1. Could you tell me whether the range 167-181 includes any residue that is crowded, with 19+ Cβ neighbours inside 10 Å, closer than 22 Å to residue 10 by Cα, modelled with pLDDT under 90 and basic (Lys, Arg)?
2. Answer yes if at least one residue in the range 187-195 is touching a helix residue (DSSP H, G or I) at 6+ places or on another chain (Cβ under 6 Å) and farther than 20 Å from residue 7 by Cβ, and no otherwise.
3. Being hydrophobic (A, V, I, L, M, F, W, C), under 25 Å from residue 58 (Cβ atoms) and in a loop (DSSP other than H, G, I, E, B) is the filter here; which residues of the range 209-228 pass it?
4. Select from the range 27-71 the residues that are more than 26 Å from residue 170 (Cα to Cα) and touching a strand residue (DSSP E or B) at 6+ places or on another chain (Cβ under 8 Å) and list them in ascending order.
5. Pairs, please: C-beta under 6 Å, at least 6 apart or cross-chain, first residue over 16 Å from residue 163 (Cβ atoms) and in the range 96-116, second among the small types (Gly, Ala, Ser)?
6. In the range 38-86, which residues are over 21 Å from residue 218 (Cβ atoms) and touching a His at 6+ places or on another chain (Cβ under 8 Å)?
7. Could you give me the residue pairs with C-beta distances under 9 Å whose first residue belongs to the range 139-151 and is part of a loop (DSSP other than H, G, I, E, B), whose second residue is of a type in the set (Val, Ile, Thr) wherever it lies, and which are 6+ apart or on separate chains?
Amino acid sequence: MEKKFQIHKEGKTPLARIFSVLVFINLINFIFLTDTYFTTIFFFISVLFFAMTLNFYRSPDRTYKGDLHGLVNAPTDGRIVTIEKVTEKEFLHDERIKISIFMSLFNAHANWVPVTGKIVHQSHVDGNFHAAYLPKSSSENEHTNILIETPEYGLILTKQIAGAMARRIITYVKEGEEVHIGSPLGFIKLGSRMDIYLPPDSDILVDIGEEVRANVTFLARLSKQVQE
């Protein structure tokens, strides 16, 4: 359960600027265009736009207690658009189950760590800006790769992927860092998606089309990897 409404640190400056601009324009309208439909309509549009922006920069106050080894956290709020078996050729070089979560403008865009473990690789890749709900955005769009080594469940790859409007991916975690499930991972500004690549024997707990919430919804239950 969320304890209170919080603004993400990435949103404080943009929100202040947007608020100042909207207040200034509405004051001009009320002074020079008094008692007109345009002034009233613009005022309500301003309120709606600012409310949507507040929601976008919301930082959900949700945390997990304990390490929760073997469970995979939804790393962001959004809708499941892909659950499929793929061959991940860049880092894992084997078959994986890819789960993709699409974030609309109505979702909070804070990102969270999906599993407890150690960051063994982190890299940013420039690319295109296709609509984030399209499958090709996973490989062709600008993205950040984050590879996490878990104590008993192998390597988990997650990607922060920019969308058609997103122009900035922010990643807080660094290579060599020990991370805890549900801790802050980063932020993606405007519409975007996150992909997570899981072992093929994972027990998937969500369905395509399902709305998930970071630090509330578990995407999967992992099986312990046999040590050779």
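The values are calculated or read from the model by the stated rules, or taken from the named source; none is laboratory data. Computed from a predicted structure; not experimentally measured. Here the Cβ is made from the backbone with ideal geometry for all residues, glycine too, and neighbour counts use every protein chain on show.
1. No: zero hits.
2. So far as the range 187-195 goes, yes, one or more of its residues are touching a helix residue (DSSP H, G or I) at 6+ places or on another chain (Cβ under 6 Å) and farther than 20 Å from residue 7 by Cβ.
3. Once the filter is applied, which keeps residues that are hydrophobic (A, V, I, L, M, F, W, C), under 25 Å from residue 58 (Cβ atoms) and in a loop (DSSP other than H, G, I, E, B), the range 209-228 yields 214, 216.
4. Matches in the range 27-71: 70 only.
5. 97/202; 112/182; 112/214; 113/183
6. Once the filter is applied, which keeps residues that are over 21 Å from residue 218 (Cβ atoms) and touching a His at 6+ places or on another chain (Cβ under 8 Å), the range 38-86 yields 56, 57, 58.
7. The qualifying pairs are 142/125; 142/161; 142/169; 150/115; 150/116; 150/156; 151/116.
Per-residue answers, yes or no, for (1) touching a Leu at 6+ places or on another chain (Cβ under 7 Å); (2) assigned to a strand (DSSP E or B); (3) modelled with pLDDT under 95; (4) surrounded by 18 or more Cβ atoms within 10 Å (Cβ to Cβ):
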position	(1), (2), (3), (4)
61	no, no, yes, no
68	no, no, yes, no
76	no, no, yes, yes
90	no, no, yes, no
98	no, yes, no, yes
108	no, no, yes, yes
118	no, yes, no, no
132	no, no, yes, yes
135	no, no, yes, no
